[in-house]
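Working notes, beginning with the structure itself.
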Amino acid sequence: MSLNNKVACPLDCFDACEAVYENSNFRGSKEHKVTNGKMCVNFANLLKEDFLVNPYFKNEKISLNKSLEILVEKLKSTNPKKTLYYKGAGNLGIMQSAPKTFFAKYGSVLTQGSLCDGAGDVGLTLGRGRNVNPPIQKLIDSDVIICWGRNFSVTSPHMYNLVKDKTFITIDPLRTSIAKKSELHIQLNPKTDYELALLFSKYLSENNLEDKEFIEKYSSGVKEFLNIVNKKDIKSYLQTIGITNLELEKFFEIIKNKKVSIMVGIGIQKYFEGSQIIRTIDSFAAYLGVHNKDAGGLWYLADSAYGYDKPLKASPLKKVDLPEVDFGEYELVFIQGANPVVSAPNTKRVVDGLKKSFVVFYGTVLNDTSIYADLIIPSSDFLSKKDLRLSYGHELKTFSNAVKTKNENTITEYELTSYLNDAFSFEKLDKEESILDYYINHKVKDSSFIDNFKFIEDIKIKNLYEDKKSSQFYLVMAKRKQNLNSQFKSDDKLYLHPNSGFKEGSFVKVSSPYGEANFIVALSEDIKDNSCLAYAGNKKANYLNTYKSDEFSSSAIFQEVLVNIELS
Ligand SMILES: Nc1nc2c(c(=O)[nH]1)N[C@H]1C(S)=C(S)[C@@H](COP(=O)(O)OP(=O)(O)OC[C@H]3O[C@@H](n4cnc5c(=O)[nH]c(N)nc54)[C@H](O)[C@@H]3O)O[C@H]1N2
Ligand SMILES: Nc1nc2c(c(=O)[nH]1)N[C@H]1C(S)=C(S)[C@@H](COP(=O)(O)OP(=O)(O)OC[C@H]3O[C@@H](n4cnc5c(=O)[nH]c(N)nc54)[C@H](O)[C@@H]3O)O[C@H]1N2
Ligand code: SF4
Ligand SMILES: [Mo]
């Protein structure tokens, strides 16, 4: 089999699968351990995309050359400090970072933080110095898998397939697909995960079950951690979390003498104190004893570039928090691989800002954001450009060949960057081959061993339940099998429990201190009766949340909100 017919799925997903192109068809690679011969519905959706093959200026089709000339002219006549470079997660190939290097040199404002996993990343790093997952084999070798704010079978279907016969426990306000396959589903109140982690630790401490060896050898701060743990009694923990003593007992019955893996997702950290929440969960994990074992461990969305020297480095003069970007403050914004009109918080502010600026949209398909673009430059689709994918879920990397001829009206990220560097007489990029070769050849050693763990010693978290009126709802967001964030057809309904008092198909107005939006109701027993659910990609959901960043990581806090719902 030729090496030249393999492509990496570029979608923002834990699995980072590898496909093989043969006889004009794609199939999942059998050599890639995680892919294991299958691709998913979203890869099929991607192959069916109506890829952009024309540049536009003010809604008129123009040639690629003309579009690049307009871009250069605009950049030359604008104060660089009045321009913004905004990159999303539409394609996770490493070559996506090339344009950033140009915009940093040119002097644009860049962004910091994320709309995704930022708070959790900082929280884990504060506790252990880095955010690295254990090798996937340790997951395969464990007995019990705890899915904590992570819909494992939907958001990483291939990693799930490797371990689907194990015993599962799910901790989630929503009865997700993985919750339905679990031996125990702890359907807690949103934003009470840190209390659950403290309650679990209290149980361990009272029953003398903690991992004394790990604590003694590799950690500090356990005394202070236990002081926090003991501030509340079991009964009041159970009450605020919204679960029963029976569930607590069952949890420990299931994991007793078992090799345990904890799969933490982004669900637990979409809050102002998301970093503290994940640190409390990681502290429980350390106390229980899942770290540094032959099997099991704690997995999150790891820093996939850990251990690599970045050949595409950018050192901007100024950065602004990604969720707090005010597009209206800039004379020109360059948006690459993103759809902030749907995916960034506080949609009204995003749209108002875009209307005031000269917007350059650089993407592979038209989307809700390109509607506001003055200039549209088509990026070549993933099948026609070389790239390499790292994964935030596991340690495998996947090379992506150009298996189709590039449409001549499109331009790859590397080519665009080279063009702009030439136009501004900036230093050239390294050769594309040599950047890719570096990633192919560089071996990253396993650095998941934790030798200096710092238990969380102080917790300051404002509970949503303290402010919540009984008529209000928590806003829960979750991914969906059939679409990937804002890519592919979304489900724009608002999901409520049948006890919510609303009927299937009702039109409702949902409001919060940050905004309002109208939805059609769908009822489901899977939703907790004090919550409402909007799936990722829902075009209205982000009208309801704040653009403010979390406390430590410059990241979005989509669920730090309580909403009111009325018939419209
Ligand atoms: N099919 C598909 N796969 C995807 C994506 C997709 O859009 N579609 N997106 C990809 C991306 S960008 C990412 S970041 C990953 C994310 O992967 P996951 O982390 O699995 O993603 P989510 O579904 O956002 O969140 C997981 C769960 O958190 C729950 N949750 C919400 N609030 C709370 C809470 O307060 N406590 C607890 N315990 N749980 C809570 C939600 O109900 C949800 O079931 O998935 C990737 N994979
Ligand atoms: N309500 C709500 N909002 C959310 C979330 C949620 O669960 N609920 N999830 C959050 C999370 S976890 C994430 S990661 C973000 C994701 O949000 P974004 O980073 O905005 O990502 P997408 O919505 O997937 O953006 C996809 C666009 O990227 C472009 N694109 C695709 N491939 C390429 C390419 O090769 N080159 C270029 N130049 N462009 C390309 C396409 O035009 C496509 O429309 O959304 C966040 N927002
Ligand atoms: S599971 Fe994820 S990486 Fe694999 S094909 Fe589907 S979207 Fe792509
Ligand atoms: Mo994400």
Which whole-number percent is the relative contact order of the chain (Cα, under 8 Å, 6+ apart)? 22
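Please compute the per residue accessible area over the range 63-203 with all protein chains in place, 1.4 Å probe, rounded to a whole number of Å².
Details: 4240 Å² over 141 residues.
It amounts to 30 Å² per residue over the range 63-203.
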With equal scatterers on the alpha carbons only and no solvent term, can you work out the Debye log10 of I(q)/I(0) for the range 464-567 at 0.19 1/Å? -0.96
Length gained, residue 161-residue 424, 0.36 nm per residue minus C-alpha separation, equals 89.8 nm
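Want the number for residue 141 to residue 408: 0.36 nm per residue separation, take away the alpha-carbon distance, what's left? Could the numbers behind the result be given before it?
Values: separation 267, 0.36 × 267 = 96.12 nm, distance 4.85 nm.
Gain on stretching residue 141 to residue 408: 91.3 nm.
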For the range 419-568, dividing by residue count, accessible area per residue (probe 1.4 Å) in Å² works out to 51
Along the range 244-254, what does the Karplus equation 6.51 cos²θ - 1.76 cosθ + 1.60 (θ = phi - 60°) give for ³J(HN,Hα), rounded to whole Hz, x for Gly and Pro? 10, 4, 4, 5, 4, 4, 5, 3, 6, 5, 5
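Order of 417-423, 12-18 by packing, highest average Cβ count within 10 Å first? Each step should come with its number before you reach the end.
Values: 417-423: 17.9, 12-18: 24.4.
The most tightly packed comes first, giving 12-18, 417-423.
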Which residues does a label at residue 213 reach in the range 252-268, if reach means a backbone N under 15 Å from a point 7 Å past the Cα toward the Cβ? 257-260
Antiparallel DSSP beta bridges within the range 325-481, as percent of all bridges there, nearest 5: 25
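Going by average Cβ neighbours within 10 Å, how do the peptides 340-349, 320-329, 135-144 rank, with the highest at the top?
340-349, 320-329, 135-144
Kirkwood hydrodynamic radius of the chain from all distinct Cα pairs, in Å?
Working: mean 1/r = 0.0406 Å⁻¹.
This gives a value of 24.7 Å.
Nearest 0.05, what FRET efficiency do residue 244 and residue 471 give at R0 = 35 Å with Cβ-Cβ as r? Please list the in-between numbers first.
Working: r = 25 Å, r/R0 = 0.71.
The computed FRET efficiency comes out at 0.90.
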At the level of C-alpha centres, the distance separating the range 23-71 and the range 432-470, in angstrom, is 30
GluC sites (Glu not before Pro) restricted to DSSP loop in the range 419-458 with at most 14 other C-beta within 10 Å: 427
Label model pair residue 61, residue 539: point-to-point distance (7 angstrom along the Cα→beta-carbon line) in nm is 2.5
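If you take every DSSP beta bridge whose two residues both sit in the range 318-390, what share of them, in percent to the nearest 5, is antiparallel? Write out the running numbers ahead of the final one.
Numbers: 0 of 9 bridges.
Bridges in the range 318-390 are about 0 percent antiparallel.
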Cα-based count: Lys pairs in the range 307-410 below 27 Å, eight or more positions apart or different chains? 24
Rounded to a whole number, what % of the accessible area of the chain do carbon and sulfur atoms account for, probe 1.4 Å? 47
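Would you mind calculating the relative contact order of the range 96-208 from Cα pairs under 8 angstrom and at least 6 residues apart, reporting the percent as a whole number? It would help to have the intermediate numbers written out before the result.
Numbers: 85 pairs, mean separation 17.2, N = 113.
Relative contact order, the range 96-208: 15 percent.
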Mean Cβ neighbour count within 10 Å, used as a protection proxy, ranking 497-508, 545-556 highest first: 545-556, 497-508
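Need the full-extension length gain, residue 451 to residue 252, defined as separation in residues times 0.36 nm minus the C-alpha distance. One decimal, nm. Walk me through the intermediate numbers first.
On the way: separation 199, 0.36 × 199 = 71.64 nm, distance 2.64 nm.
Gain in length upon complete extension: 69.0 nm.
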How large are Rg and Dmax for the range 1-48 when only the alpha carbon atoms are used, in Å? 10.0, 28
What is the set of long-range amide H partners of residue 147 at a cut-off below 5 Å, with H atoms built 1.01 Å from backbone N? 169, 170, 171, 263
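Nearest 5 percent is fine: what portion of the DSSP beta bridges confined to the chain is antiparallel?
On the way: 29 of 75 bridges.
Close to 40 percent.
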Would you mind computing, in nm to one decimal, how far apart the modelled labels at residue 511 and residue 183 are, each placed 7 Å from Cα along Cα→Cβ? 4.8
Note, ³J(HN,Hα) from phi for the range 542-556, Karplus 6.51, -1.76, 1.60, rounded to Hz, x at Gly and Pro: 7, 5, 9, 10, 7, 8, 5, 7, 5, 6, 10, 10, 6, 10, 6
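The values are calculated or read from the model by the stated rules, or taken from the named source; none is laboratory data. Every value quoted in this text rests on a predicted model; they were computed, and no experiment measured them. A quick note on method: Cβ atoms are made from the backbone with ideal geometry, for glycine too, and the neighbour counts reach across all protein chains shown. Please note that ligands, DNA and RNA were not included when accessible areas were found on the heavy atoms of the full protein model with its side chains. Shrake-Rupley method; radii C 1.70, N 1.55, O 1.52, S 1.80 Å.
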